[in-house]
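Worksheet: one structure, shown below.
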Amino acid sequence: MTEDVSELSFEDALKRLEAIVARLESGEASLDESITLYSEGDGLRAQCEKRLKDAQARIEKISLGADGRPEGVQPFDQS
């Protein structure tokens, strides 16, 4: 695959990663192809993880006042 992984959308990277996993699980890939696919898959996994972390960092929680009306936002807290 010649396309730069960072240029792929999350969805496209995930689809490609799923295709790689299916190919590796099929057992039809040669050793050399398996190594190449694994390396590409690792890059795709890292890119997907980065995009998810970036998206999570942008999520904000709306804080409500005593009257139940929105009064501001706070960073997302995972806990």
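The values are calculated or read from the model by the stated rules, or taken from the named source; none is laboratory data. Source: prediction; values computed, not measured. Neighbour counts are summed over all protein chains in view; Cβ atoms, including those assigned to glycine, are modelled from backbone coordinates with ideal geometry. Heads up: the accessible areas ignore ligands, DNA and RNA and are worked out on the full protein's heavy atoms, side chains in. Shrake-Rupley method; radii C 1.70, N 1.55, O 1.52, S 1.80 Å.
Report, in degrees rounded to the nearest 10, the 0 to 90 angle that the Cα long axis of helix 31-58 makes with the longest principal axis of the chain. Orientation of helix 31-58: about 10 degrees from the principal axis. With the gyration tensor restricted to C-alpha atoms of segment 1-48, the semi-axes of the equivalent ellipsoid amount to 19, 11, 8 Å, longest first. Straight-line reach from Lys61: taking Cα to Cα under 17 Å and skipping same-chain neighbours fewer than 8 places apart, the aspartates and glutamates in range are Glu71, Asp77. Scanning the chain for GluC sites (Glu not before Pro) in DSSP loops with at most 13 neighbouring Cβ atoms within 10 Å leaves 29-79 as the longest stretch between them.
Net length available on complete extension from Glu71 to Asp32 is 8.3 nm, with 0.36 nm assigned per residue and the Cα-Cα distance removed.
Sequentially through segment 5-16, phi angles give Karplus couplings (6.51, -1.76, 1.60; θ = phi - 60°) of 4, 5, 8, 6, 5, 4, 5, 5, 5, 5, 4, 5 Hz, Gly and Pro residues having no value and appearing as x. Relative to one another, the C-alpha centroids of segment 1-34 and segment 39-73 are positioned 26 Å apart. Here the gap between Lys15 and Ser63, fully extended at 0.36 nm per residue and compared with their Cα-Cα distance, gives a gain of 13.7 nm. A simple spin-label model places pseudo-atoms 7 Å from Cα toward Cβ; at Glu40 and Leu24 they are separated by 1.3 nm.
Computed over protein heavy atoms with a 1.4 Å probe, the accessible surface of the chain works out to 78 Å² per residue.
Ligands, DNA and RNA left out, the 1.4 Å accessible surface of the chain is 52% carbon and sulfur atoms.
Largest accessible area first, the residues Asp4, Asp67 order themselves as Asp67, Asp4 under a 1.4 Å probe with ligands, DNA and RNA left out.
Taking a straight line from the alpha carbon of Lys15, these lysines sit under 24 Å away, with near neighbours fewer than eight places off in the same chain left out: Lys50, Lys53.
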